[in-house]
Amino acid sequence: MRLYLLALNPTDSVTEGFLPAAARLGLDVTVLTDQPDAHRRTYPDIEVLRCDVRDFRAVVTRISTHHTPDAVFTNSDHLQTQAALAAHYFGLPAKDWRATLRAKDKAEMRRRLSAAGADTVWSAELTEPTDPVALDAPYPCVLKPREGVASEDVVLVDGPEELVAQSKEILARRPGATLVVEEYLPGELYTLETLGDGRVRHVLGGFHTELSPPPYFIEERMTFVPAHPEPVVDQVLAQLDALGVGFGACHTEFVVHEGRARLIEVNYRAIGDQCDLLLAQLLDIPLFEHILRTHLGEPLPTDLGARRDGAARLEYPCADRAGILTTAPEAGEHSDDGVHLTYRPLRPIGERHELYRTNRDYLGVLRTLGTDQQAVDRATAAFLAAQDWVIQP
């Protein structure tokens, strides 16, 4: 069976998750990408073809002139609609392309939720710095790219002058982009991880996310939540239903304030930044195989057999300045007293980087798993205290 996997840059989710899962399922894999050299270096034994994957027509043409597809899949935020349209063209199981568009386009998501009566959030779109008085935005408010990812260029603004200044700055970096201004939603930030096949939908748990101080929204720490309160889950699932989301993996970010759950964004894919690798290990399920099977048209089991006694935490040591990373721990893992730690560097020593105010500032990721949250937290703190990350100008 032939799986076409659409990708931009190589990611841990694909390299360590989906490609090994495809091999275990006995699938022949063809990676379609606009960055073929990077993928060939990362996994030289996989077939990689150049393709303008941002254009669904180019994807259809590339597949039509190659082997007959059995599944078209992507875990990229940017390529969900293209993969869905290509899969539909070949009559294959896929997400509804309208739902992928609503998830990717943050302004359209707000309009859809409001029209469905699921939730109403004040928002407006900008293509150029505008008269803040005419806009009449509620302050503080959040300014972000309409189709952005990873908190890039997402900023909290406190007043009209700051809104204009930040808009100019972001649009200078993103010529031709559309920005969204929306009311700030207070509350604790969480995620909900789901997996569905259009018939059943499994809630895998979620994470409590701790962010950097305002005005930026960098995810610095994530603690596993085995089960959110049922009323909260019901509210989130109702909003996902309003968007038409329910096939394959979905990573949903939301806040809870005074018992009310409100969506921040919907990433219609598996959670990233190595959280998916942790989730598969923590729940002890073949998560990546399950996701691929849904795109092959196979039904999910009604019971995934997931473990429910796990505790976990992820930490992302983060650069606080531009410069060259001169000292950092090497990759490694060890177990001690029922707790397993895995550290992976994300930035090589000797490279210079600017300060991005996004997850591109991550220096590494520490995954800690166990069955007791306090033990997990202690082991995490001890590891971080024993390490040094040094950045020189």
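The values are calculated or read from the model by the stated rules, or taken from the named source; none is laboratory data. Worth saying up front: this structure is predicted, and the values here are computed from it rather than measured. With ideal geometry, Cβ positions are generated from the backbone for all residues, glycine too; neighbour counts draw on all protein chains shown. Only protein heavy atoms, including side chains, enter the accessible area calculation; ligands, DNA and RNA are left aside. Shrake-Rupley method; radii C 1.70, N 1.55, O 1.52, S 1.80 Å.
Report whether or not Arg344 is surrounded by fewer than 18 Cβ atoms within 10 Å (Cβ to Cβ), at pLDDT below 95 and under 20 Å from Ile271 (Cβ atoms). Full working, then the answer.
Details: surrounded by fewer than 18 Cβ atoms within 10 Å (Cβ to Cβ): yes; at pLDDT below 95: no; under 20 Å from Ile271 (Cβ atoms): yes.
Criteria not met by Arg344.
Of the residues that make up the stretch 182-205, is at least one under 24 Å from Lys104 (Cβ atoms) and modelled with pLDDT under 95?
Looking for residues that are under 24 Å from Lys104 (Cβ atoms) and modelled with pLDDT under 95, one finds at least one in the stretch 182-205, hence yes.
Would you say Asp52 is in a loop (DSSP other than H, G, I, E, B), acidic (Asp, Glu) and closer than 20 Å to Glu147 by Cβ? Even if it seems obvious, please write down each step before you answer.
On the way: in a loop (DSSP other than H, G, I, E, B): yes; acidic (Asp, Glu): yes; closer than 20 Å to Glu147 by Cβ: yes.
Answer is yes for this residue.
Could you tell me which residue of the stretch 300-333 is nearest to Arg221 (Cα to Cα), considering only residues that are in a loop (DSSP other than H, G, I, E, B) and free of Cβ contacts under 8 Å to residues at least 12 places away in the same chain?
First, pick out the residues of the stretch 300-333 that are in a loop (DSSP other than H, G, I, E, B): 300-310, 316-317, 319-322, 328-331.
Imposing the further condition that a residue be free of Cβ contacts under 8 Å to residues at least 12 places away in the same chain reduces the set to 301, 303.
Values: Pro301: 32, Asp303: 30 Å.
Among those that are in a loop (DSSP other than H, G, I, E, B) and free of Cβ contacts under 8 Å to residues at least 12 places away in the same chain, it is Asp303.
Given Leu237, Leu192, which one is in contact with a helix residue (DSSP H, G or I) (Cβ under 6 Å, 6 or more places away or on another chain) and surrounded by 14 or more Cβ atoms within 10 Å (Cβ to Cβ)? Talk me through it step by step, then tell me what you get.
Numbers: Leu237 fails: in contact with a helix residue (DSSP H, G or I) (Cβ under 6 Å, 6 or more places away or on another chain).
Within the list Leu237, Leu192, the selection yields Leu192.
Residues that are under 23 Å from Leu296 (Cα atoms), open to solvent by 20 Å² or more (accessible area, probe 1.4 Å), in a helix (DSSP H, G or I) and out of contact with any helix residue (DSSP H, G or I) (no Cβ under 8 Å at 6 or more places or on another chain): does the stretch 8-18 have at least one?
From the stretch 8-18, those under 23 Å from Leu296 (Cα atoms) are 8, 10-18; that's our starting set.
From what is left, the residues that are open to solvent by 20 Å² or more (accessible area, probe 1.4 Å) are 10-12, 15-16.
Next cut, in a helix (DSSP H, G or I) only: 12, 15-16.
Remaining after also requiring out of contact with any helix residue (DSSP H, G or I) (no Cβ under 8 Å at 6 or more places or on another chain): none.
The answer is no; no qualifying residue exists.
All but one of (1) open to solvent by less than 20 Å² (accessible area, probe 1.4 Å); (2) in a helix (DSSP H, G or I) hold for Arg293; state the number of the condition that does not hold.
So the condition that Arg293 fails would be (1).
For the stretch 56-64, check the following and say yes or no: at least one residue is within 23 Å of the chain's Cα centre (by Cα), outside the structural domain of Val149 (by the TED database) and among the aromatic types (Phe, Trp, Tyr). First the steps, then the outcome.
Within the stretch 56-64, the subset within 23 Å of the chain's Cα centre (by Cα) is 56, 59.
Next, from what is left, pick out any that are outside the structural domain of Val149 (by the TED database): 56, 59.
Now restrict to residues that are among the aromatic types (Phe, Trp, Tyr): 56.
Checked the stretch 56-64: at least one residue is within 23 Å of the chain's Cα centre (by Cα), outside the structural domain of Val149 (by the TED database) and among the aromatic types (Phe, Trp, Tyr).
Could you check, for the stretch 371-391, whether at least one of its residues is open to solvent by less than 60 Å² (accessible area, probe 1.4 Å), more than 30 Å from Ala86 (Cβ to Cβ) and assigned to a strand (DSSP E or B)?
yes
Have a look at Leu85, Leu32, Leu25 and point out the one that is of a type outside the set (D, E, K, R), touching a residue at least 60 places away in the same chain (Cβ under 8 Å) and within 23 Å of His251 (Cβ to Cβ).
Numbers: Leu85 fails: touching a residue at least 60 places away in the same chain (Cβ under 8 Å); Leu32 fails: touching a residue at least 60 places away in the same chain (Cβ under 8 Å).
Exactly one residue qualifies, and that residue is Leu25.
Quick one: Glu351 ticks every box in (1) touching a Leu at 6+ places or on another chain (Cβ under 9 Å); (2) crowded, with 18+ Cβ neighbours inside 10 Å except a single one, so which number is it?
(2)
Tyr190 passes all but one of (1) free of Cβ contacts under 8 Å to residues at least 24 places away in the same chain; (2) in contact with a Gly (Cβ under 6 Å, 6 or more places away or on another chain); which number fails?
Of everything listed in (1) free of Cβ contacts under 8 Å to residues at least 24 places away in the same chain; (2) in contact with a Gly (Cβ under 6 Å, 6 or more places away or on another chain), Tyr190 misses just condition (1).
Among the residues of the stretch 267-275, is there at least one that is part of a helix (DSSP H, G or I) and not polar (S, T, N, Q)? Before you say what the answer is, go through the steps one by one.
Step one: of the stretch 267-275, the residues part of a helix (DSSP H, G or I) are 275.
Applying the additional criterion that residues be not polar (S, T, N, Q) yields 275.
Yes - at least one qualifying residue is present in the stretch 267-275.
Being open to solvent by 10 Å² or more (accessible area, probe 1.4 Å) and either at pLDDT below 95 or polar (S, T, N, Q) (or both) is the requirement here; does Thr65 meet it? Spell out the reasoning first.
On the way: open to solvent by 10 Å² or more (accessible area, probe 1.4 Å): yes; either at pLDDT below 95 or polar (S, T, N, Q) (or both): yes.
In short, yes.
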